[in-house]
1. Once the Cβ-Cβ distance between Tyr103 and Asn441 is put in as r, and R0 is 35 Å, what FRET efficiency do you end up with, to the nearest 0.05?
2. Can you give the relative contact order of the chain as a percent, counting alpha carbon pairs under 8 Å and 6+ residues apart?
3. Once you list every other residue whose beta carbon is under 13 Å from the beta carbon of Arg336, what net charge do they have if Lys and Arg are +1 and Asp and Glu are -1?
4. For the chain, take the longest principal axis of its alpha carbons; what is the angle in degrees between that and the long axis of helix 329-342, to the nearest 10 within 0 to 90?
5. Residue separation times 0.36 nm, minus the C-alpha to C-alpha distance between Phe172 and Phe371: what's the value?
6. Leaving ligands and nucleic acids out of the surface, order Tyr346, Tyr355 by accessible area at 1.4 Å, largest first.
7. Could you give the angle, 0 to 90 degrees to the nearest 10, between helix 473-484's Cα long axis and the longest principal axis of the Cα atoms of the chain?
8. Can you check how the C-alpha radius of gyration of the range 316-357 compares to 2.2 N^0.38 Å, as a plain ratio?
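The values are calculated or read from the model by the stated rules, or taken from the named source; none is laboratory data. Bear in mind the structure is a predicted one, so any value in this text is a computation, not a measurement. Virtual Cβ from ideal backbone geometry, glycine too; neighbours counted across all protein chains shown. Accessible surface is based on the protein model in full, side chains and every heavy atom, while ligands, DNA and RNA are left aside. Shrake-Rupley method; radii C 1.70, N 1.55, O 1.52, S 1.80 Å.
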Amino acid sequence: MRIAIAQFNAHIGNFEGNLAKMLRMTESARQEGADIICFPELATCGYPARDFLEFDDFIRQADASIQTLAQAARGIAIVVGSPTRNPNPEGKDLYNSVYFLAYGRVEFVQHKALLPTYDVFDEYRYFQPASEFKILEYMGKRIALTVCEDIWNVGNENPLYTICPMDEMMPFQPELMINVSASPFSHNHAPERIHVIRANVERYNVPIFYVNHVGGQTELLFDGGSVVMSPNGNVHDEMPFFEECIRVYELDEVMAGQKQMEQPREKIDLMHDALLMGIRDYFGKLGLKKAILGLSGGIDSAVTVVLAARALGADNVRVLLMPSQYSSDHSVNDARQLAQNLGVQYDLLPVEPMYQAYMETLKPHFWGFPFNITEENLQARIRGMLLMAFSNKFGHILLNTSNKSEMAVGYGTLYGDMCGGLSVLGDVYKTEVYELAGYINKDGEVIPENSISKPPSAELRPDQKDSDSLPDYDILDAVLYNYIERHQGPKELIEMGFDDALVKRVLRMVNVNEFKRHQTAPVLRVSAKAFGMGRRMPIVGKYLS
């Protein structure tokens, strides 16, 4: 038996496009002699479809895709994920299902039992969990079909669930398992995925063909990394990260377990490539082409413009240099040099004349009040206005350049530097931004060294430094990571050695600035806990504020 894995970049709701791509991949696998081709979870409609799943027409089109694929399943079987209607009036209206299509018809359907409802997942909102478990026989092989989370409760050890689907299937003595998944990327997730697949192999002693989505779905990024694992626990193959791909495997070779093939997983390399894919798919799937951003001479905007140019092409990126009376000559020169290094179009628009006009208008009302954050924010908002003017006039989508550290503590101006259609670095801590800059410059200087080495500053008042308002980023990021990603409270953080007053101050800044994050652009998710759909906090709350 020859089994093909189609690592697939779906477009949510693009039934025609998804179907056409799957038919092309099926024909390619057929020509390579594959007996089965496997597509990911909910491949017909894309994942996550969210409340589109509540529209009858949406489900009707998914059903139509299944029927067309079934007609194509002649001489080759197709395994594909799609929503299925629940015929029982009690319970949710849909199942999250995996289909086995062969002989021109639907041969078998298995529903998903374990419906994740945590972090970025909200499947129990839409789907009824499976209560029946069977396997199918094809070409003399007994095959277990599972959907994503169904393999993440090995031996019923996951406290979130009370059933283990593969345990229910084992009395039927399956000889191999196919798992269709939609497993989002985070920079540390691939080893966890291998660990879980290996735990299943060790418990059930069957090879596993695990097929994952690839591509960006707004903030959620899917890295691919589909896995074929032999019964002895060797990774027979791990498919490329961040690339659509199709490969065909001989079952006998997989059973022999003679190969061991895992990819390198360097954190910053993965984050870099994930962000490129996220930008590229956000623009491509929305039918957009050109991006604009403010280039300040600092490290955040520098890294963002490099990623944008690599993802979209330098011809499709434009930057505005918008110095104020507080900007250093170095900042302007560094920004100009980077734009020239990349070959992106840049325009110089000093903001001081506009700022002075605002100040003259406000002077009668602000008389007697000292310079403070009001005047600082005016400058940021003037820049935001200029960027949005260019966006509207020329059809460029504004990229937000704020990093995760700044977003966490509210170190940014609403309707100013927090403007944008997409947040590129909103899940990248400041210390990680420096690592990305080093990675970008690994083969030669792209980002001017001064942008990396100079103390970070918003340059909104004379001699301003980020350190005037914030702890040093290596300390700040450590506190933020333990609070946001690891859910450590003040007691635990202080026991870890962080200063009592610093912990209380930082946690308060995080919690009182939730209102800003609710108004920001979608954040490309590269960690296990990003701001956005996976972190749901009240705006009006008293805890630690």
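1. With R0 = 35 Å, the Cβ-Cβ based efficiency is 0.05.
2. 11 percent
3. -3
4. So the inclination is approximately 30 degrees.
5. 64.1 nm
6. Tyr346, Tyr355
7. 40 degrees
8. 1.23
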